[in-house]
Amino acid sequence: MRAADFIDPGTICARTNASRPEPLAGEIIVQVAACGICGSDMHMFRSGTYRDKLIRQTPEGYQVPGHEFAGTIVALGPGVDGWANGQRVVGVTGQGGGMADYVAVPVNPYQLVAIPDGVSFEDAATTEPLADGLQMIRKANILTGENIVVFGVGIIGLGVIQGIRARGLDVGALIAVDVHPARLEAALKAGATHAVNAREGDVFDQIGTITGIEQGYSGTSARIGVVFDCAGYIRHMPGPPPLETALRLIDLAGGRIVCFGGFEDRVTLELSPLIQKAPTILGSNGYAPEELGEALAMMASGKVDRGSLISHRFALDDVAAAFAAQGGADALKVILKMDSAE
Ligand SMILES: [Zn+2]
């Protein structure tokens, strides 16, 4: 079968002679129709970060990324019931393998979910990042009228914005921060009220102009109740890590900062506001099984438009070009299409 092979940072290629996986007990085999390139795959592609968590090795030694994909069940391992060949599914693997014609997926509610009628394989391949956003929203426990900031509006941050709107939450300003105009434009279309380009001046000052500055005994804030940090730390970005800016922005009391974006290196932070304002900093990774189902239901009902967030489609043979595109300024979500299905 065909499979992508991640060789070293900056180098990935397509192989044609990888062994097709056989299902172990409790696994099914998915014939992949569409597989997304994740932000974590890009961290790995740029710097090697998280490589051990993002790759599945074939017997030939090919290192296959891809953990968010959709396709059709073509084989059931021993002991699997409740699933059938021909069923359309979303698979999520903890360990890559999805950028290939076939991939083994363990049967459990975190990793395998059926696709409702009317949802395309491409859209369904974006289920996992939307579910990640739904968990972040749940953890943030947004209060009525709160101002919200989303750092990094790639597929994850855009999913947070879509999720807030699809759940009908009553928020104040919903501000997207990024360095790419194409992403900021998509954020406004997805339901953000304001877009801030971090390259066009100090982020705190730009947001303070929108929401107003509050001064008090515990410091200064830009009246932000919740910050979603979907950017983390990317070595080549100038300026302080978004987490430091989040600590400046956050309300004088009761704020929450939800961290999701990966860190490519150790970081240095001005932490005084953490003590003075005592916000809650929450990490978030993954989703609850119900959030996978909720994400797909939002697509089936038309409450979210995931197709509008797919900016590029590539054949698996062009995986190197696909990774280059995902790293480009105009990329939202890049999807690899295996031409064997849909
Ligand atoms: Zn991912």
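Select from region 234-253 the residues that are farther than 17 Å from Arg199 by Cβ and open to solvent by 50 Å² or more (accessible area, probe 1.4 Å) and list them in ascending order. Answer for region 234-253, where residues must be farther than 17 Å from Arg199 by Cβ and open to solvent by 50 Å² or more (accessible area, probe 1.4 Å): Arg248, Ala253.
Would you point out the residue of region 310-330, among those that are touching a residue at least 60 places away in the same chain (Cβ under 8 Å) and small (Gly, Ala, Ser), that is surrounded by the fewest Cβ atoms within 10 Å (Cβ to Cβ)?
Residues of region 310-330 that are touching a residue at least 60 places away in the same chain (Cβ under 8 Å), as a first pass: 310-311, 313, 316-320, 322-323, 326-327, 329-330.
Narrowing the set further to residues that are small (Gly, Ala, Ser) leaves 311, 320, 322, 327, 329.
On the way: Ser311: 18, Ala320: 15, Ala322: 26, Gly327: 14, Ala329: 9.
Ranking the candidates gives Ala329 first.
Screening Gln111 against (1) within 16 Å of the ligand (Cβ to nearest atom); (2) touching a residue at least 24 places away in the same chain (Cβ under 8 Å); (3) open to solvent by 10 Å² or more (accessible area, probe 1.4 Å); (4) not basic (Lys, Arg) leaves a single unmet condition, (2). Being polar (S, T, N, Q) and at positive phi holds for only one residue in Asn141, Asn147, and it is Asn141.
Determine whether Ala70 is more than 16 Å from the ligand (Cβ to nearest atom) and either buried (at least 24 other Cβ atoms within 10 Å of the Cβ) or of a type in the set (Val, Ile, Thr) (or both).
Details: more than 16 Å from the ligand (Cβ to nearest atom): no; either buried (at least 24 other Cβ atoms within 10 Å of the Cβ) or of a type in the set (Val, Ile, Thr) (or both): yes.
Against the criterion (more than 16 Å from the ligand (Cβ to nearest atom) and either buried (at least 24 other Cβ atoms within 10 Å of the Cβ) or of a type in the set (Val, Ile, Thr) (or both)), Ala70 does not qualify.
Criterion applied to Gly262, Gly307, Gly293 was being in contact with a Gly (Cβ under 9 Å, 6 or more places away or on another chain) and open to solvent by less than 40 Å² (accessible area, probe 1.4 Å), and the one residue passing it is Gly262. Within region 50-67, restricting attention to residues that are in contact with a helix residue (DSSP H, G or I) (Cβ under 6 Å, 6 or more places away or on another chain) and buried (at least 20 other Cβ atoms within 10 Å of the Cβ), the residue that is nearest to Gln95 (Cα to Cα) is Leu54.
If you go through region 121-150 and pick out every residue that is touching a strand residue (DSSP E or B) at 6+ places or on another chain (Cβ under 8 Å) and open to solvent by 10 Å² or more (accessible area, probe 1.4 Å), you end up with 9.
Yes/no per residue for (1) within 16 Å of the ligand (Cβ to nearest atom); (2) in a strand (DSSP E or B); (3) closer than 22 Å to Asn108 by Cβ:
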{"position": "Ala18", "(1), (2), (3)": "no, no, no"}
{"position": "Ile28", "(1), (2), (3)": "no, yes, yes"}
{"position": "Arg46", "(1), (2), (3)": "yes, no, no"}
{"position": "Lys53", "(1), (2), (3)": "yes, no, yes"}
{"position": "Gly66", "(1), (2), (3)": "yes, no, yes"}
{"position": "Gly79", "(1), (2), (3)": "no, no, yes"}
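The values are calculated or read from the model by the stated rules, or taken from the named source; none is laboratory data. Note that the structure is a prediction, hence the values are computed from the model and not measured. Quick reminder, even Gly has a Cβ in these numbers, built from the backbone with ideal geometry, and neighbours come from all protein chains shown. Side chains included, ligands, DNA and RNA excluded: accessible areas come from the protein's heavy atoms. Shrake-Rupley method; radii C 1.70, N 1.55, O 1.52, S 1.80 Å.
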